[in-house]
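Enquirer: My structure is below; once you've seen it, I'll send some questions.
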Amino acid sequence: MRLKNVTALVTGASSGIGQAVSSHFRREGGRLLLTGRRERLDSAQPDDLYIPGDLNDETFVEHLAKQAAESFGTVDVVVLNHGLQADGPLTEMACDDARNVLESNLLSAFLVMKHFAPLMPETGGSFVCVSSRLGMVGMAGQVLYSAAKGGLIMLAKGAAIEWAPRNIRVNVVAPGLTATPIIEAAFQRRPDPEAYRRQRESTIPLQRLATPEEVADAVLFFASSESSYVTGSVLTVDGGYTAG
């Protein structure tokens, strides 16, 4: 098993990509600390430790790290999968909404990295940041989200260099449009959901959305020893969207 004796924190574990990552890690023998905003996590298994809370709150992140230390001692892998998307024209976005997007996607990741890097063993560890294709290319109506996800990529690259002497690797998975429950629900709110789906798929060279499991495959690669000489890298899982 690829994660035997590995302890991993997965944020944003409630559904979609986070749930798929958790499933992959369990299959490969990982011990899981999970967090999300929901008070209960129905998909959690008996051996998982689920602690709900708000990662924008440094007091909670400190509590989460303390619980991790008490329960596991060290944490080998951290998957930063949480985030928030907000649509709208740049000139019409309220400052509070913009601040929330930046905090939820970027500054909260910084807080988790700050408090969990000291918990990684002397032999090293791995951070995997889940960014987005929109952290690499712009899109109208997604300016603040792109800024936040692009900032997450640069946070990862800088940390990869800073923590290389400790053998702590930091990499990024940048998914394209993925068939998560949130995305599927958004499609269903459209007047013609199937027509809208076809229109969105037509913008992707592979002509379909990613599955959460396909994104989780990339996260697992960075979490495992198979990527032991890889740090500061961005792996796009976007069906070719950013290739053009």
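Enquirer: Is it the case that some residue within region 50-72 is in contact with a Phe, Trp or Tyr (Cβ under 6 Å, 6 or more places away or on another chain) and closer than 23 Å to Ser225 by Cα?
Expert: No, region 50-72 contains no residue that is in contact with a Phe, Trp or Tyr (Cβ under 6 Å, 6 or more places away or on another chain) and closer than 23 Å to Ser225 by Cα.
Enquirer: Filter region 228-240 for residues that are in contact with a Leu (Cβ under 9 Å, 6 or more places away or on another chain) and within 16 Å of Val130 (Cβ to Cβ) and give the result. Break it down into steps so the answer makes sense when it comes.
Expert: Residues of region 228-240 in contact with a Leu (Cβ under 9 Å, 6 or more places away or on another chain): 238-240.
Across region 228-240, the qualifying residue is only Asp238.
Enquirer: If we keep just the residues of region 202-219 that are open to solvent by 60 Å² or more (accessible area, probe 1.4 Å) and touching a residue at least 60 places away in the same chain (Cβ under 8 Å), which is farthest from Glu184 (Cα to Cα)? Give the steps one after another, and end with the answer.
Expert: Kept after step one, since they are open to solvent by 60 Å² or more (accessible area, probe 1.4 Å), are these residues of region 202-219: 202-203, 205-208, 213-214, 217.
From the residues that got through so far, the ones that are touching a residue at least 60 places away in the same chain (Cβ under 8 Å) too are 213, 217.
Working: Glu213: 15, Asp217: 21 Å.
Here the answer is Asp217.
Enquirer: Return yes or no: is Arg198 open to solvent by 10 Å² or more (accessible area, probe 1.4 Å), without any contact (Cβ under 8 Å) to a residue 24 or more places away in the chain and under 26 Å from Glu214 (Cα atoms)? Write out each step before concluding.
Expert: Working: open to solvent by 10 Å² or more (accessible area, probe 1.4 Å): yes; without any contact (Cβ under 8 Å) to a residue 24 or more places away in the chain: yes; under 26 Å from Glu214 (Cα atoms): yes.
Yes: the conditions hold for Arg198.
Enquirer: Would you confirm, using the coordinates I've provided, whether Leu9 is crowded, with 17+ Cβ neighbours inside 10 Å and either of a type in the set (Gly, Ala, Ser) or assigned to a strand (DSSP E or B) (or both)? Reasoning before the result, please.
Expert: Details: crowded, with 17+ Cβ neighbours inside 10 Å: yes; either of a type in the set (Gly, Ala, Ser) or assigned to a strand (DSSP E or B) (or both): yes.
Answer is yes for this residue.
Enquirer: Moving to a separate point now. Take region 220-236 and flag every residue that is in contact (Cβ under 8 Å) with a residue 24 or more places away in the chain, under 18 Å from the mean Cα position of the chain (by Cα) and within 22 Å of Arg26 (Cα to Cα).
Expert: Leu220, Phe222, Ala223, Ser224, Ser227
Enquirer: Looking at region 168-191, can you tell me whether even one residue there is of a type in the set (Asp, Glu), part of a loop (DSSP other than H, G, I, E, B), over 30 Å from Pro121 (Cα atoms) and out of contact with any strand residue (DSSP E or B) (no Cβ under 6 Å at 6 or more places or on another chain)? Full working, then the answer.
Expert: Within region 168-191, the first condition is being of a type in the set (Asp, Glu), and the residues that meet it are 184.
Then keep just the ones that are part of a loop (DSSP other than H, G, I, E, B); that gives none.
No, region 168-191 has no match at all.
Enquirer: Run down Val112, Val128, Val137, Val78 and say which single residue is modelled with pLDDT of 95 or more, in a loop (DSSP other than H, G, I, E, B) and in contact with a helix residue (DSSP H, G or I) (Cβ under 9 Å, 6 or more places away or on another chain).
Expert: Numbers: Val112 fails: in a loop (DSSP other than H, G, I, E, B); Val128 fails: in a loop (DSSP other than H, G, I, E, B); Val78 fails: in a loop (DSSP other than H, G, I, E, B).
On inspection, the qualifying residue turns out to be Val137.
Enquirer: Has region 81-100 got any residue that is in a helix (DSSP H, G or I), closer than 18 Å to Gly158 by Cα, among the small types (Gly, Ala, Ser) and out of contact with any Gly (no Cβ under 7 Å at 6 or more places or on another chain)? Give the steps one after another, and end with the answer.
Expert: Taking region 81-100 and keeping what is in a helix (DSSP H, G or I), we get 90-92, 95-100.
Next cut, closer than 18 Å to Gly158 by Cα only: none.
The answer is no, given that none of the residues of region 81-100 is in a helix (DSSP H, G or I), closer than 18 Å to Gly158 by Cα, among the small types (Gly, Ala, Ser) and out of contact with any Gly (no Cβ under 7 Å at 6 or more places or on another chain).
Enquirer: Can you tell me which of Ala179, Ala147, Ala185, Ala159 is more than 20 Å from Leu107 (Cβ to Cβ), open to solvent by less than 70 Å² (accessible area, probe 1.4 Å) and at pLDDT 95 or above? Steps first, please.
Expert: Values: Ala147 fails: more than 20 Å from Leu107 (Cβ to Cβ); Ala185 fails: at pLDDT 95 or above; Ala159 fails: more than 20 Å from Leu107 (Cβ to Cβ).
Step by step, each of Ala179, Ala147, Ala185, Ala159 is checked, and only Ala179 is more than 20 Å from Leu107 (Cβ to Cβ), open to solvent by less than 70 Å² (accessible area, probe 1.4 Å) and at pLDDT 95 or above.
The values are calculated or read from the model by the stated rules, or taken from the named source; none is laboratory data. Note that this is a predicted model, so its numbers are computed, not measured. With ideal geometry, Cβ positions are generated from the backbone for all residues, glycine too; neighbour counts draw on all protein chains shown. Only protein heavy atoms, including side chains, enter the accessible area calculation; ligands, DNA and RNA are left aside. Shrake-Rupley method; radii C 1.70, N 1.55, O 1.52, S 1.80 Å.
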